1. Can you work out the FRET efficiency for the pair Glu331 and Thr38, with r the C-beta to C-beta distance and R0 = 60 Å, to the nearest 0.05?
2. Among Leu193, Leu534, Ser546, flag the residue with its Cα farthest along the positive direction of the charge dipole of the chain, charges on Cβ as +1 for Lys/Arg and -1 for Asp/Glu.
3. Please compute the modelled spin-label separation between Asn253 and Gln497, points set 7 Å along Cα→Cβ, answer in nm with one decimal.
4. Just reorder Met59, Met1 by solvent-accessible area, largest first, 1.4 Å probe, all chains present.
5. What accessible surface, in Å², does a 1.4 Å probe find on Asp323, ignoring ligands, DNA and RNA and rounding to the nearest 10?
6. Please report the equivalent ellipsoid semi-axes of the stretch 264-379, computed as sqrt(5 x eigenvalue) of the Cα gyration tensor, largest first, in whole Å.
7. For the chain, what is the relative contact order in percent, using Cα pairs closer than 8 Å and at least 6 residues apart in sequence?
8. Name the trypsin sites (Lys or Arg not before Pro) in the stretch 97-157 that are in a loop by DSSP and that have at most 14 other C-beta atoms within 10 Å, would you?
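The values are calculated or read from the model by the stated rules, or taken from the named source; none is laboratory data. Only a predicted model underlies this, so the values are computations on that prediction, with no experimental measurement involved. All Cβ positions, glycine included, derive from the backbone under ideal geometry; neighbour counts span all protein chains shown. These area figures cover heavy atoms from the full protein model, side chains too; ligands, DNA and RNA do not enter into them. Shrake-Rupley method; radii C 1.70, N 1.55, O 1.52, S 1.80 Å.
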Amino acid sequence: MRWTLKPKPSSEKVNTLATQLKVHELIATLLVQRGIETFEQARQFFRPSLDDLHNPYLMKDMDKAVVRIESAIANGENILVFGDYDVDGTTAVSLVSSYLKSYYPNVATYIPDRYDEGYGISFKGIDFADDNGFTLIIALDCGIKSVDHIAYANERNIDFIICDHHRPGNELPNAVAILDPKREDCSYPYDELCGCGIGFKLIQALGENRNQTIDNLLIYLDLVATAIAADIVPMTGENRILAKFGLEVINTNPRPGIKALVQNVKKKVLTITDVVFIIAPRINAAGRIKHGNEAVALLTEYDFDQAEKFASEIEQHNSDRKDLDKQITIEALDQIEINEETDKFTTVVYNENWHKGVIGIVASRLIETYYRPTIVFTKSGDKLAASARSVKEFDIYNALEASSDHLEQFGGHMYAAGMTLKEENYQKFKNAFEKVVSETIHPDLLTPEILIDAEINLTDINEKLVRLLNQFEPFGPQNMTPTFMSKNLKDTGYAKQLGKDEEHLKLYIKQNNSEELASLDSAAPRVDAIGFGLGNKLQLVKNQKSFDAVYCIDENEFNGNVTLQLRLKDLR
């Protein structure tokens, strides 16, 4: 791990903000690091308001999209809501379809089959629309690069409205409307919405025509928050507002499908982390193992008993998914070792028998062992399909673009992408990708980095600090959980390994801030600490050896009691 202490922001800015807000200098420092420098910015940060959401009509083509949908409704046309099979896609389809169905019956949904059709808009999906009399397709979380598909639909007199958040190619599809803040000609104030977020802006605009306020749309925010968490978009601006209020819906009045997924979770309040690790993987598992239609069925079901049945089936899919990704990860690691590819700048592996539904997860697992841009291929029809994942600060999309001579198609963003190629081009692509990455990646990026917000003493940690830190939630990219470093720590003699493989580390630590202290000061505070995956560091801390630690501050809830706990990230 590389430990990187963030530069201290301007003391003038910090002191001014601390005075205005009447908070400790540490809190003001954390705010300035996040670009919050004025009282008004701090007010919006600590008190997110739905009133601060932007006017949806600021998004280019929103007026065209609304006019076309209203025209379809007025003329009794059949509308098909089409979306990708991942969490962002299925939540977006569930959101837009259920909203439209609340006042118009001629609406159906379509999720492409991951194995038969692949990612994004498919010719098969357009044929389905043509055969069944659909004249308008609303595409969510996909479509921005589907130039040929939209041309094919136009020949069949099927109109498209595209709601996407991925980067456009050189040519935009010939659709009725393209809602994508990443369009160069779109001046919408916030361009980091996920696909479901774009869908929400669409229903927000449609709602204005029906004299609906944002209060009428709150019931859809559990879907938006789930997509924001799963798609790992920046937790800033509109995303943070939508995530905060979406979490409130999840905790107070979730739709039956989400309620069924979390009913056995023994926590009073679910956080964005719980959404990432509990709700999102289960929704994803439907499309990975069986079909994304199952996720949409769950998320649009209004009868709780039926939702429970759907959730039970999805739980089984998730269990199968875990077994698959564990086995494939083992096989992929073996392949890297056998081919003696442990010292490359990239990891590119292929096995025709690997399950296409879990190769993205496997790519992430491989990065945990070999920290470098990673692509996992499998056979898909007569071609190879792959999922790519990147390391922090390296743009894998750009690397794929530079290697795209050997690809049939690709799409995605900085940290995750998908692609297909002909089998005979696999080795050529692998070599080209390795060459591009080796020439463009900074060597430091091949070592995982821990960004540290500030160095503090254990005596700085108290309940007031934790209360204020809790108000920084929801956490996510560009607003990560504050991470601290403390030096000259010692275990009080209770260090032990936990877990069936002794993979975790449990400590009770004190801090020596003076070299004069030969032994632990009994008056110093003793702090509970847990290091998940740090069991191998036990020898570093035994026998009261001095060490430094990087950690987040957590509240540990056990048997109704809440105590402060350090969640260790690394020791040295």
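1. Efficiency, rounded to the nearest 0.05: 0.65.
2. After comparing all options, I get Ser546.
3. Here the answer is 5.1 nm between the modelled labels.
4. Met1, Met59
5. 100
6. 33, 16, 10
7. It comes to 11 percent, rounded to a whole number.
8. The qualifying sites are Arg156.
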